[in-house]
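Before any comments, here is the structure.
Values quoted throughout were computed directly from the atomic coordinates according to the rules given, and no laboratory measurement underlies them. Only a predicted model underlies this, so the values are computations on that prediction, with no experimental measurement involved. When we count neighbours, we look across all protein chains shown, and the Cβ atoms used for this are built from the backbone with ideal geometry, even at glycine.
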There are 4 protein chains.
Amino acid sequence: MMIMEEGIKKRILSVKDTVKIKVRVDDTDLMSVVHFKNYLSFFDMGFVEFMSAIENPVESAVQSGIVFPVKKLEITYEESAKFGDHIIVETKIKEIGEKSMTFLHKILRDSDNALLADVECVRLVMELKSKKLLNVAKFLTKYV
Amino acid sequence: MMIMEEGIKKRILSVKDTVKIKVRVDDTDLMSVVHFKNYLSFFDMGFVEFMSAIENPVESAVQSGIVFPVKKLEITYEESAKFGDHIIVETKIKEIGEKSMTFLHKILRDSDNALLADVECVRLVMELKSKKLLNVAKFLTKYV
Amino acid sequence: MMIMEEGIKKRILSVKDTVKIKVRVDDTDLMSVVHFKNYLSFFDMGFVEFMSAIENPVESAVQSGIVFPVKKLEITYEESAKFGDHIIVETKIKEIGEKSMTFLHKILRDSDNALLADVECVRLVMELKSKKLLNVAKFLTKYV
Amino acid sequence: MMIMEEGIKKRILSVKDTVKIKVRVDDTDLMSVVHFKNYLSFFDMGFVEFMSAIENPVESAVQSGIVFPVKKLEITYEESAKFGDHIIVETKIKEIGEKSMTFLHKILRDSDNALLADVECVRLVMELKSKKLLNVAKFLTKYV
């Protein structure tokens with residue numbers, strides 16, 4: 001069994017990354033607020049920036065054929081964002097397992113810091129070509 | 001307290017609606033399968049068809065200013081859909097509360113009936129203009 | 001120079017395909033009608049169905065590594081579609097060149113046959129892996 | 001007939017606004033590059049930033065019930081953007097008419113300044129509630 005080096009694990013678990021996104025017209029729907037599916041774009045960007053903040057741009061991983069499919073997702077919607085709002089996505093890792101990693105995202109409105117949505121998202125690490133799942137701890141050790 | 005008429009409740013809880021959707025190119029991403037956010041479009045359509053199957057097209061409700069914001073969402077992804085696949089969304093109601101209704105959606109691949117995603121989705125009933133939440137049981141009694 | 005067999009060309013130019021699409025909530029934006037970018041999804045589906053109507057499902061081409069990037073696009077918007085509307089996309093080919101093919105799409109509202117948008121769209125045929133453009137006439141001759 | 005004050009017109013026609021956008025995973029499709037419809041999101045943001053650069057945030061106009069529907073759109077695609085790329089949208093006005101205004105957008109890749117897409121886009125000014133089109137010159141004079 002792969003044991004992740006404690007120092008690395010601790011470091012990754014302590015990272016808290018923040019990204020700012022401006023709501024586009026096409027993020028909204030006929031309710032005049034962001035459609036509920038588009039919050040997934042927001043924290044997907046949060047994930048991307050988090051991974052880049054650990055060490056490498058996640059784009060490099062993707063270009064080298066490693067992807068991060070979502071396995072499970074829980075989201076609670078508290079308030080709505082509207083066109084022109086600035087959104088803050090705060091991202092941290094809750095858990096690093098062998099087969100998955102669990103992210104926590106808070107989606108906030110920048111102007112008043114109101115919580116818009118709370119997300120827990122489990123991701124895998126997969127080699128795109130072979131569809132083989134990788135050991136997450138191993139991947140992260142090499143990644144950072 | 002509003003008690004929903006038992007006959008109506010029973011009838012709504014027994015409805016199981018099914019809708020078929022063809023995966024578009026722009027539903028996919030660089031992993032060559034449907035991006036995880038687009039499954040939300042799929043079961044959103046399942047919701048729309050379910051509401052219409054109960055009695056009235058949900059579009060009429062929307063046109064008369066009633067909308068159904070998502071409060072909470074849990075989704076587990078099992079397998080992927082790709083461009084050209086036909087997707088089946090099976091929808092039923094799990095629970096009708098005063099303040100919310102909980103939907104269960106199964107997203108299946110049509111060709112082999114494989115489960116792609118399992119969804120539990122809590123929705124509210126809201127008057128769009130006033131942002132006032134409506135009593136769900138009351139709304140449904142009037143709706144059917 | 002590749003000369004396309006006249007019979008095949010004539011046949012392809014005479015095909016007129018029609019596909020029906022139901023407008024989703026997330027196709028709309030804060031104007032309560034379909035966002036202008038989503039008409040591109042509609043005629044992209046028209047293209048897919050057209051190619052399948054000629055002979056083979058376009059999905060087979062895509063799976064075998066052939067894709068159809070858009071080179072140029074002109075669209076004129078006449079009227080709007082709203083949530084729940086059924087949209088008809090009529091597709092035919094205007095021109096088959098060596099390096100491109102030009103499609104005409106009419107996007108209509110099903111209920112009253114109103115023209116929503118008029119599209120002229122130039123597409124290439126490309127081998128995805130090598131990014132090499134293929135001779136279109138040659139490709140179509142083999143394709144049908 | 002409304003004549004736009006020459007000084008104002010000159011000023012607006014001389015504005016050139018630039019906005020930077022990072023490509024998201026869900027902007028891409030199975031070709032591993034940005035789907036052709038998503039370039040419309042990019043220059044839609046360019047439009048929003050341009051209008052804000054003239055004077056007022058376009059969001060204020062939208063909140064006060066003024067919207068800017070697209071009437072006509074021409075786009076030529078030159079090169080592709082991929083996940084993680086930074087995109088630059090350069091926007092200026094080509095023409096201000098009574099009934100419409102014509103925008104030019106250049107969509108560039110930030111890293112090498114390569115032209116990805118060239119856009120000409122005609123927009124109207126509309127009062128959302130009444131669907132009444134406004135005189136563009138008049139609107140802009142008041143707007144700046």
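Net charge around C:Asn113, counting only other residues with Cβ within less than 13 Å of its Cβ (Lys, Arg = +1; Asp, Glu = -1)? Intermediate results must be reported in sequence, preceding the final value.
On the way: positive: C:Lys20, C:Lys106, C:Arg109; negative: C:Glu78, C:Glu79, C:Asp85, C:Glu90, C:Asp110, C:Asp112.
Combined, the nearby Lys, Arg, Asp and Glu give -3.
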Under 1.5 on a/c is rounded, so check that first for the protein assembly as shown, then, if it is not, pick prolate when a/b is larger than b/c and oblate when it is not; a ≥ b ≥ c are the square roots of the alpha carbon gyration tensor eigenvalues. rounded
Hey, if you put +1 on the Cβ of every Lys and Arg and -1 on every Asp and Glu Cβ in the stretch A:6-73, which of A:Val15, A:Phe43, A:Thr28 ends up farthest toward the positive end of that dipole? A:Val15
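Counting only other chains, and only Cβ atoms inside 10 Å, what mean value do you get across the residues of B:38-44? Please list the in-between numbers first.
Numbers: counts 4, 4, 9, 6, 2, 1, 7.
That average works out to 5.
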With respect to the axis carrying A onto C, what is the closest chain A residue by Cβ position, and how many angstrom separate it from the axis? A:Asp29, 3
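Can you tell me the FRET efficiency between C:Lys99 and D:Ser100 if r is taken as the Cβ-Cβ distance and R0 is 35 Å, rounded to the nearest 0.05? Don't jump to the answer; show the numbers that get you there.
Working: r = 33 Å, r/R0 = 0.95.
That gives a FRET efficiency of 0.60.
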Placing a label point 7 Å from Cα toward Cβ, how far apart in nm is B:Gln63 from its equivalents in the other copies, listed shortest first to one decimal? 3.2, 4.1, 5.2
Given the options A:Lys71, A:Lys94, A:Lys20, state which has the largest fluctuation in a GNM of chain A using a 10 Å cut-off (strictly under) for Cα springs. A:Lys71
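Using the structure shown, select from A:Lys131/B:Lys22; B:Lys37/C:Lys37; A:Lys16/A:Lys129; D:Lys9/D:Lys94 the pairs with a Cα to Cα distance greater than 22 angstrom.
Working: A:Lys131/B:Lys22 24 Å; B:Lys37/C:Lys37 18 Å; A:Lys16/A:Lys129 31 Å; D:Lys9/D:Lys94 11 Å.
Beyond 22 Å between Cα atoms: A:Lys131/B:Lys22; A:Lys16/A:Lys129.
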Which is farthest toward the positive dipole end of chain A among A:Thr76, A:Val58, A:Leu134, measuring Cα position about the Cα centre, with Cβ charges +1 (Lys, Arg) and -1 (Asp, Glu)? A:Leu134
Distance between Cα centroids, the stretch D:42-100 to the stretch B:1-80: provide it in whole Å. 33 Å
Any idea what the C:Val15 label distances to the other copies are, label 7 Å down the Cα→Cβ vector, nm, shortest first? 3.9, 4.7, 4.9
At R0 = 41 Å, FRET efficiency that the Cβ-Cβ distance of A:Ser64 and D:Glu6 yields, to 0.05: 0.10
With +1 on the Cβ of every Lys and Arg and -1 on the Cβ of every Asp and Glu, and nothing else charged, how large is the dipole of chain B about its Cα centre, in debye rounded to the nearest 20? 620 debye
With +1 on each Lys and Arg Cβ and -1 on each Asp and Glu Cβ, and nothing else charged, work out how big the dipole of the stretch C:38-121 is about its Cα centre, in Debye to the nearest 20. 220 debye
Kindly give Rg over Rh for the stretch A:6-143, based on alpha-carbon atoms, with the Kirkwood expression for the hydrodynamic radius. 1.00
Other-copy label distances relative to C:Val144, 7 angstrom Cα-Cβ extension, nm: 5.4, 5.4, 6.1
